[in-house]
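Q: Attaching a single structure in structure tokens format; questions to follow.
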Amino acid sequence: MSVMAKAKQTMFLGNGNDAAAEAIMHIGFDGEGYYPITPSSEVGELINRANADGRADVSFVIGTSELAAIGICAGMALAGGRVVDVTSAQGLLLKAEEMPAISGMGLPMVLNLSCREVSAPLNIKNGHSDLAAALGYGWLIFMAPNVQAVYDMNIIAIKVAEAVGLPAIVAYDGFHTSHANRRISVFADPQDVAAFVGPKPKRRTVLDMDEPTTFGPYMNDDVINTKVHMERKMAQAYALLPQIFAEFAEVAGRRYDFVGTYGDDDAEAGMLVLNSAAEAAKVVVDELKAEGTAVKLIEPYVLRPYPAKEIVAAVGGLKRLVVAERVSQYGAGNYLENEVAAALHHAGKDTEVISRVYGIGGLNFRPDEDARPLFELALSWPEVDASAKTLEGRYWGAWAGDADYQPPVTMDVLTTEQTTLNAQYGDSRPDVKQLRELSKMPTRVDKHSACPGCGIFTNLNLFLRGIDGQVVLLFNTGCGMVVTTGYPFTAFKVPYIHNLFHNASSTASGVIEMYHRFRAKGLIPDEEITFVCVSGDGGDDIGMDQLIGSALRDDPMIFLEYDNKGYMNTGGQMCYTGIFGQRNSNANIGACQIGKQTHHKDIVEILRGTGASYLFHAAESHHLDMIAKARKAQAAVRAGHFAFGKLFSVCPLNWGSDPSRGTEIVDTVVKACIHPLYEIDNGVTRLSYDPDARGEKAPVTDALRIMGSAFAHLAADRCAHIAAQIQEEVDIRWARLKARAEHEIL
């Protein structure tokens, strides 16, 4: 329902992420903690772009993980800032320990949740399992069924959050809403948004030095009383919302409520469904009405505080109600099904609730194929087939598959003999004869779908030529994982594990522990297996703590990082290994900002402090050196130790570089000492290649000029001051490295 707006509105074409970013800028948030995750990443990218261009003034801090990002938000809020965050799926789960802490400390903020199915298996499309996980966090939860509502609910959410001292989630459907372009009405003057939201209410902050406050104390028995206080805040929000909805309708001309209904109030059958599916279902309500059949659609806009009374009123005289959810609670009915049924029971209603699970993993909810049959199910429920009332029958759109299907064999199992071609040579640098022999080594990874010119598999396959025998590969989430494991196929000829973005090293530690235990007890064949973890695309930002843990434990594994200077699998966002001034999708170039604001992280030097047995840099441009280092890494593992290698990896797609110039780029980067070749063998540093001694050292601008559009601006005159800072930093690191190579004690 719309009413005449007091404040002037303007219209633009955009998607749900655009709408969230526009709301963030109009509200005037003080800060955003950020970490990219599909499909919500774009919101932060838009804010950073606006900051770079001078169109916004939001303190934008990029964390090293989703947990770090929400911790940054908590700090901003504790200091009195008006704060926002965005996330999806596993990102929300990684934030989980902070979510109740933020609500428990009474910190108002907004988190935009672009809903995505929680893995495994990995899926980047729409599901509500992340939303369901948040129901007990003590956060207000608002639903945005369409692009317009994403903008509006952000404005409403912060007003309610600050009024009661609780954080709020605005949930909208990943891709169906986050990437769907629609016309969006927004306030023409952001001051009208500021007037509606109002000034930040006075509350205690950590910066109140005249009235010092302890936040997040240790508490035993009294903790139950804080839960009572949070319950009262929810009740306060419930009482305030009708007034706030009315005020928003008055200024914006768009009316919201706890629950929306669509269709015939006298209908006997209806459906309750959330967000974008509800929008699709409205089409069928109109079609059925035209055909002479009355049905009702119920669409909640608020899940916390739970609007039980309003849902009961919306159900009205329905005899049968399909509650369709894009999530499953496995063995316990379903989330909304149970809550709706409980509300109806407490109100003395005898409406029959029919549970259906739909759309998990982004399956579309279409009017004719989904909404109509579900309305018809409610209309004909007493007469439906018994199979529709079984546990499996709850899963709308699932299919049984072909029991007789036999997947084709696409690759042969590798034998130990096939992969043991260099054991006789030890860990020395290979000569021409050995290289000829190694060329016969079968690849462990085959038939991937990486972009043309991608350096990941050039590096990985070259490195693995130096590894003897059986191998188990473990990948962090990243391009290397995405382009090799598209179900039902795999590119791996060896056992393989993917356990999300940052967990490969810890997962490997667990596997290795059991491998040694079972091998010692004779429960598995007494055969050597080398465990190799592969990371990149920022996996050693988000996974740095686990990587350090494996190094400190000296777990016998090889950990490889393909350093492609960004989070390339999620759209080329900033990674801390990226180069100062590099352009990323969330480190933009504009009048107020030139790309990434920090120098590249030196992971090998960080790991030096763990006392790890063998650490190295290698590059595809120096293939003999890489194979020799692979042998040394395996020798370290055979001796029971941890080994780590960083491999420079080109990314033509996100760098904007020529795919045919990959080796040239790598060679120039090595000669410029941006990626120097060296090793740390039991604490002793050795240079593998010294461009100074060979008279081949290149200025950093030689490399930046050919690395693509993400870097080329740094070689232009207007960025000469930044190039000079990069050169100075690279020279300092190179001089320090040479000094360590000259003096073993260093």
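Q: With 26 Å as the limit, write out which pairs from Lys95/Lys125; Lys565/Lys671; Lys202/Lys227; Lys296/Lys349; Lys125/Lys309; Lys227/Lys296 have Cα-Cα distances beyond it, or answer none.
A: Details: Lys95/Lys125 19 Å; Lys565/Lys671 18 Å; Lys202/Lys227 22 Å; Lys296/Lys349 17 Å; Lys125/Lys309 33 Å; Lys227/Lys296 37 Å.
Table pairs above 26 Å Cα-Cα are Lys125/Lys309; Lys227/Lys296.
Q: Out of residues 5 or more away from Thr598 or on other chains, whose amide H comes under 5 Å of its own, with H placed 1.01 Å from N in the peptide plane?
A: Here Gly581 satisfy the definition.
Q: Can I ask one more? With a ≥ b ≥ c the root eigenvalues of the C-alpha gyration tensor of the range 261-394, is it rounded (a/c under 1.5), prolate (a/b larger than b/c) or oblate?
A: Rounded.
Q: Here's a follow-up. Long-range amide H contacts for Gln9: which residues qualify at under 5 Å (H placed 1.01 Å from N, peptide plane, sequence gap of 5 or more or a different chain)?
A: Amide H neighbours of Gln9, under 5 Å, 5+ apart: Ala188.
Q: Continuing with the same structure: Mind checking the full-extension length gain between Asp265 and Arg182? Use 0.36 nm per residue of separation minus the Cα-Cα distance, one decimal, nm.
A: Numbers: separation 83, 0.36 × 83 = 29.88 nm, distance 2.94 nm.
Answer, rounded to one decimal: 26.9 nm.
Q: Normalising by the residue count of the range 261-394, find the relative contact order in percent from Cα pairs under 8 Å and 6+ residues apart.
A: It rounds to 29 percent for the range 261-394.
Q: Let me ask something else. Find the relative contact order for the range 423-742 and round it to a whole percent, using C-alpha pairs within less than 8 Å whose residues are 6+ positions apart.
A: 17
Q: Could I ask something else about it? Sort 531-540, 721-730 by the packing proxy (mean of other Cβ within 10 Å over each peptide's residues), most packed first.
A: Highest mean packing first, the order is 531-540, 721-730.
Q: Let me ask another. Taking a spot 7 Å from the Cα of Cys451 along the direction of its beta carbon, which residues of the range 644-662 have an amide N less than 17 Å from it?
A: Those under the cut-off are 648-662.
Q: State the extension gain, in nm to one decimal, for the chain segment bounded by Asn338 and Leu207, taking 0.36 nm per residue of separation less the distance between their alpha-carbons.
A: Difference between extended and current length: 42.8 nm.
Q: Here's a follow-up. Counting alpha carbon pairs within less than 8 Å and at least 6 residues apart, what relative contact order, in whole percent, applies to the chain?
A: 10
Q: So if R0 is 45 Å, what FRET efficiency would Ala635 and Phe12 give, r being the distance between their Cβ atoms, rounded to the nearest 0.05?
A: Numbers: r = 61 Å, r/R0 = 1.35.
Efficiency at R0 = 45 Å is approximately 0.15.
Q: Something else about it: In nm, what is the difference between 0.36 nm times the number of residues separating Val432 and Met219 and their Cα-Cα distance?
A: Length gained between Val432 and Met219: 69.8 nm.
Q: Just one of (i) 86, 67, 55; (ii) 91, 67, 62; (iii) 92, 76, 66 is Cα extents along the principal axes in Å calculated from these coordinates, so which is it?
A: (i)
Q: Taking the mean number of other Cβ atoms within 10 Å as a proxy for protection, how do you rank 611-620, 48-57, 463-472, 557-566 from highest to lowest?
A: 557-566, 611-620, 463-472, 48-57
Q: If r is the Cβ-Cβ distance from Asp681 to Ala739 and R0 is 22 Å, what FRET efficiency results, to the nearest 0.05?
A: Efficiency at R0 = 22 Å is approximately 0.80.
Q: Go from 0 up to the bin containing the longest alpha carbon distance in the range 423-742, width 10 Å each, and give me the % of pairs per bin.
A: The distribution over the range 423-742 is 6, 27, 36, 23, 7, 1, 0, given as percents.
Q: Sticking with this one: Run the quick spin-label model on Glu247 and Ala698: label points 7 Å from Cα toward the beta carbon, then report their separation in nm to one decimal.
A: Distance between the two pseudo-spin positions: 6.1 nm.
Q: Based on the mean of other Cβ atoms within 10 Å per residue, sort peptides 398-405, 70-77 so the most packed one is first.
A: 70-77, 398-405
Q: Follow-up question, since we're still on this one. Kirkwood Rh over Cα pairs of the range 206-261 into Stokes-Einstein at 20 °C, 1.002 mPa s: D in µm²/s?
A: Approximately 145 µm²/s, per Stokes-Einstein.
Q: A follow-up question, please. Please report, in debye to the nearest 20, how large the charge dipole of the chain is about its Cα centre when each Lys and Arg carries +1 at its beta carbon and each Asp and Glu carries -1 there. Could the numbers behind the result be given before it?
A: Working: 67 positive and 90 negative charges, 184 e Å.
For the chain, the charge dipole is close to 880 debye.
Q: Mind listing the long-range amide H neighbours of Val86? Cut-off is under 5 Å, sequence gap 5 or more, other chains count too, H placed in the peptide plane at 1.01 Å from N.
A: Tyr35, Asn112
Q: Which of the lysines could a cross-linker span from Lys289 if the Cα-Cα distance has to be under 25 Å and same-chain partners fewer than 8 positions apart are dropped?
A: Lys289 reaches Lys319.
Q: Between Asp412 and Asp717, what is the label-to-label distance in nm when each label sits 7 Å out along the Cα-to-Cβ direction?
A: 6.2
Q: How far apart, in nanometres, would the label points at Ala388 and Gln236 be if each is projected 7 angstrom from Cα along the Cα-to-Cβ direction?
A: Result: 4.8 nm between the two label points.
Q: Putting +1 on Lys and Arg Cβ atoms and -1 on Asp and Glu Cβ atoms, find which of Val3, Ser355, Phe463 reaches farthest to the positive end of the dipole of the chain.
A: Phe463
Q: Taking Cα centroids, how far is the range 223-237 from the range 43-60 in Å?
A: 35
Q: Could you tell me which helices of the chain pass both thresholds, a Cα extent of 15 Å or more along their own axis and a mean Kyte-Doolittle hydropathy of at least -0.5, with helices taken as whole DSSP H runs?
A: The qualifying helices are 16-27, 66-78, 147-164, 223-252, 275-290, 335-346, 504-520, 623-638, 720-742.
Q: Straight-line reach only, C-alpha to C-alpha below 17 angstrom: list the lysines that Lys632 could link to, leaving out same-chain residues fewer than 8 apart.
A: Lys646
Each reported figure results from applying straightforward, stated rules to the coordinates on display, with no laboratory input. Because the structure is a prediction, the values reported are computed rather than measured. Neighbour counts run over all protein chains shown; Cβ positions are idealised from the backbone, glycine included.
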